[in-house]
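The values are calculated or read from the model by the stated rules, or taken from the named source; none is laboratory data. All values derive from a computational prediction rather than experimental measurement. Ideal geometry is used to build each Cβ from the backbone, glycine not excepted, and the neighbour counts take in all protein chains shown. These area figures cover heavy atoms from the full protein model, side chains too; ligands, DNA and RNA do not enter into them. Shrake-Rupley method; radii C 1.70, N 1.55, O 1.52, S 1.80 Å.
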Amino acid sequence: MRTIDLEKFRLRTFVQRLAEMGEVEVHPESVALPDVSGIVEASEKAVLFKQAGPQKLEMIGGVAGSRRRLAAAFGTDARGLVPEFMRRVRSPHAPLEVSSAQAPVHQVVLSGEDIDLSRLPFHLQHEFDGAPYISSALDFTIDPASGKPNVGCRRLMLRGRREMRTNLTQMSDLKRIYMACVERKERLPLSFVIGSHPADFASAALKVPMDEFVCIGALRGEPLPMVKGVSNGIPVPADAEIVVEGYLDERGYTEMEGPYGELYGYYGPMHIDPVFHATALTMRRDPLHHTVLHGGRRLWRNDASSVSAMYTEAAVMRTLTEAGIEVAGVRAMPSATGLHHVRVAIRQSAAGQARAAIALLFKLPLLRLVFVVDHDIDVWSEEEMDWAMCTRLRMDRDIVTEGGHFALGMDPATGEDGKMVKGGFDMTAPFGAGARIEDRVCFAPRSSGAALAPVAASAREALASGPRYFSEIMNALGSRDGREIVLALDALREQGLLERLANGQWCLKSESA
């Protein structure tokens with residue numbers, strides 16, 4: 001029988017790894033729950049609370065709130081994240097079933113009157129939230145009609161000691177499954193996992209043609225150990241921190257949920273949602289509670305923004321590569337939710353490829369702004385992107401707009417028709433540019449630091465083989481100074497032998513005719 005390490009992908013284990021990287025800010029003091037989100041938002045690191053709320057619970061926030069931390073979850077660095085993500089998606093792993101006795105998440109089991117959800121750290125995450133929330137839940141269910149597993153990300157609004165409201169507004173697989181249950185007047189067994197590895201969180205929002213339990217294993221890089229719920233039989237990760245088991249009732253959409261701070265940094269409107277009824281609460285003996293940052297003005301610190309940026313970059317790379325366009329770099333901006341703004345560097349092999357790239361990327365859902373640059377621009381550098389915009393973008397020629405695209409209902413930048421207008425910026429140099437000196441990018445002289453062996457005995461001999469730039473004459477003569485070459489060229493000029501070309505090269509006079 002295969003040995004399963006049920007601590008390797010535990011959230012607490014990953015937090016310990018982040019601490020070793022210097023990526024965790026620890027608050028040992030008692031912290032009131034309404035203060036949690038403000039502290040997480042203000043920190044550039046993940047934040048570990050040792051005494052959150054009156055129950056003095058241990059809670060972590062912002063574990064995936066930066067590119068570096070998310071990359072650490074995949075065992076790589078910021079620039080290696082998307083290639084590693086794409087590699088793992090192509091390598092599925094079927095889950096492994098473990099017994100309840102083996103599962104750490106079943107070390108503590110509460111049912112019936114012992115369930116008290118109000119003892120979990122639900123907290124106000126934005127000033128005008130409708131009630132305290134848990135924002136980090138992953139939902140696990142099996143479609144009763146098809147038997148197909150489903151996993152998603154869900155926020156939970158506390159309703160009572162054994163009830164929650166859950167956001168099921170936007171169309172999703174879970175909403176379709178639940179609406180079919182309501183039509184059949186059936187309850188939908190469902191479990192919420194609170195406290196899981198960032199790879200699980202990333203998988204929950206991913207749409208790929210793959211069994212969704214298998215997909216979590218793919219992103220982990222090994223099979224997912226799963227245990228069946230003690231009250232509803234729904235499989236969940238056996239190495240999770242906390243699980244709330246239960247069901248969505250058969251009454252359908254019955255109660256108002258929200259408002260809540262949303263991904264654009266504005267509040268979402270009140271809306272109607274179903275009620276979840278808890279039938280069991282299971283957890284580790286030493287559970288690490290989990291919260292994610294969502295909304296607010298610092299979108300780049302939101303967990304979802306980093307994950308969404310990873311998805312967007314992977315989609316851009318796949319789309320352009322399949323079209324035969326070589327991608328030299330891609331970066332989706334977490335400060336724009338990770339979904340709406342992308343920078344792409346391409347290596348042009350034909351005229352018009354930048355415009356072709358923009359047209360292709362306009363087809364990706366939600367992507368609104370596309371900036372295309374040449375391969376010599378580092379898309380991770382604000383300075384280089386600004387330089388490309390200043391020197392290669394002509395406003396009357398290089399901006400493309402296209403309306404009529406799908407937009408999320410909460411998107412504040414849509415028109416009266418509820419549609420999105422997309423914009424593309426061609427910040428590439430004209431294909432084939434470089435014949436003129438004015439088309440060439442200037443750099444400091446490139447030197448190895450050591451004297452070069454001369455290949456010519458004089459400036460005249462160096463120019464005998466054809467026109468040369470001054471630095472090329474220096475290299476030919478093995479010069480590490482250059483001033484003596486100026487004198488040698490002056491002597492050739494006095495003899496009437498020297499001429500200059502329009503691009504700045506020096507040549508012997510007979511060659512310039």
Kindly sort Thr3, Thr401 by accessible area of their heavy atoms, largest first, with the probe set to 1.4 Å. Thr3, Thr401
For the chain, what number of Lys pairs, 8 or more residues apart or on separate chains, have alpha-carbon atoms under 21 Å from each other? 10
Using alpha-carbon positions, the gyration tensor of segment 115-224 gives root eigenvalues a ≥ b ≥ c; with a/c under 1.5 called rounded, otherwise prolate if a/b exceeds b/c, else oblate, the class is oblate
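For segment 1-132, with all protein chains present and a 1.4 Å probe, just round the carbon and sulfur fraction of the accessible area to a whole percent. Could you put the intermediate results ahead of the total?
On the way: 3350 of 6520 Å².
Carbon with sulfur: 51 percent of the solvent-accessible area.
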With the 1.4 Å probe rolled over protein heavy atoms, segment 12-148 has an accessible area per residue in Å² of 45 Å²
Can you tell which of Gly295, Val379, Gln353 lies farthest toward the positive end of the dipole of segment 288-382, using +1 and -1 charges on the Cβ of basic and acidic side chains (Lys, Arg; Asp, Glu)? Gly295
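Could you tell me whether segment 169-255 comes out rounded, prolate or oblate from its Cα gyration tensor? Rule is a ≥ b ≥ c as square roots of the eigenvalues, rounded for a/c under 1.5, then prolate if a/b exceeds b/c, otherwise oblate. Provide the component values of the computation, followed by the final result.
On the way: a/c = 2.21, a/b = 1.54, b/c = 1.43.
Because a/c hits 1.5 or more and a/b exceeds b/c, segment 169-255 counts as prolate.
Tell me, in nm to one decimal, what length is gained between Leu360 and Ile272 on full extension, where the rule is 0.36 nm per residue of separation less the Cα-Cα distance?
Working: separation 88, 0.36 × 88 = 31.68 nm, distance 3.66 nm.
So the extension gain works out to 28.0 nm.
Put Ser349, Ser458 in order of accessible area, largest first, 1.4 Å probe: what do you get?
Working: Ser349 85, Ser458 50 Å².
Sorted descending by solvent-accessible area, the residues read Ser349, Ser458.
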Taking the Cα centre as origin and putting +1 on Lys and Arg beta-carbons and -1 on Asp and Glu beta-carbons, what dipole magnitude results for segment 205-291, to the nearest 20 debye? 220 debye
Chymotrypsin sites (Phe, Trp or Tyr not before Pro) lying in DSSP loop within segment 415-446, provided at most 11 other Cβ fall within 10 Å: Phe443
Compactness of segment 214-287 - radius of gyration and Dmax, Cα, Å: 16.4, 40
For segment 237-331, the percent of accessible surface on carbon and sulfur atoms (probe 1.4 angstrom, ligands and nucleic acids excluded) is 54 percent
Suppose a student asked you for the relative contact order of segment 137-205, using Cα pairs under 8 Å spaced at least 6 residues apart; what percent would you report? 39 percent
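May I ask you to derive the relative contact order of the chain, considering only C-alpha pairs under 8 Å and at least 6 residues apart, and to give it as an integer percent?
Values: 1078 pairs, mean separation 61.5, N = 513.
It comes to 12 percent, rounded to a whole number.
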Which value, in Å² and to the nearest 10, is the accessible area of Leu452 when all protein chains are kept and the probe is 1.4 Å? 80 Å²
Using the beta-carbon distance between Arg446 and Thr321 and R0 = 45 Å, what value does 1/(1 + (r/R0)^6) give for FRET efficiency, to the nearest 0.05? 0.90
Not counting ligands, DNA or RNA, and with a 1.4 Å probe, what is Met389's accessible surface area in Å² rounded to the nearest 10? 80 Å²
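For every other residue with a beta carbon closer than 9 angstrom to the beta carbon of Gly423, add +1 if it is Lys or Arg and -1 if Asp or Glu, then tell me the sum.
Taking every other residue near Gly423 into account, the sum is +1.
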With the label point 7 Å along the Cα-to-beta-carbon line of Arg79 and a cut-off under 18 Å to each amide N, the hits in segment 283-321 are 310, 313-314, 317
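Can you tell me how segment 360-426 classifies by the Cα gyration tensor, rounded, prolate or oblate, using a/c under 1.5 as the rounded cut?
Numbers: a/c = 2.53, a/b = 2.06, b/c = 1.23.
Prolate.
Run the numbers on segment 260-366 and let me know its relative contact order in percent, using alpha-carbon pairs under 8 Å that are six or more apart.
On the way: 138 pairs, mean separation 23.8, N = 107.
RCO, segment 260-366: 22 percent.
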Just want the answer: with Cβ charges of +1 for Lys and Arg and -1 for Asp and Glu, which residue in Pro54, Gly403, Ser99 is farthest toward the dipole's positive end in the chain? Ser99
With all protein chains present and a 1.4 Å probe, how do Trp387, Trp380, Trp506 order by accessible area, largest first? Trp387, Trp380, Trp506
Assigning unit charges at the beta carbon (Lys, Arg +1; Asp, Glu -1) and nothing else, what dipole magnitude in debye, to the nearest 20, does segment 414-513 show about its Cα centre? 160 debye
Debye, to nearest 20: dipole size of the chain, +1 on Lys, Arg Cβ, -1 on Asp, Glu Cβ: 600 debye
Restricting segment 27-128 to chymotrypsin sites (Phe, Trp or Tyr not before Pro) in coil, as DSSP defines it, with at most 16 other Cβ within 10 Å: Phe128
Taking only protein heavy atoms and a 1.4 Å probe, what accessible area per residue, in Å², does segment 257-349 have with all protein chains in place? 34 Å²
Over what distance in Å are the Cα centres of segment 48-116 and segment 347-385 separated? 34 Å
For the residue pair Arg68 and Ser99, what label-to-label distance in nm results when each label sits 7 Å from Cα along the Cα-to-beta-carbon direction? 4.5 nm
Rounded to one decimal in nm, the spacing of the 7 Å Cα→Cβ label points at Ile399 and Glu113 is 6.9 nm
For segment 407-463, which GluC sites (Glu not before Pro) are both in a DSSP coil and crowded by at most 13 other Cβ atoms within 10 Å? Glu416
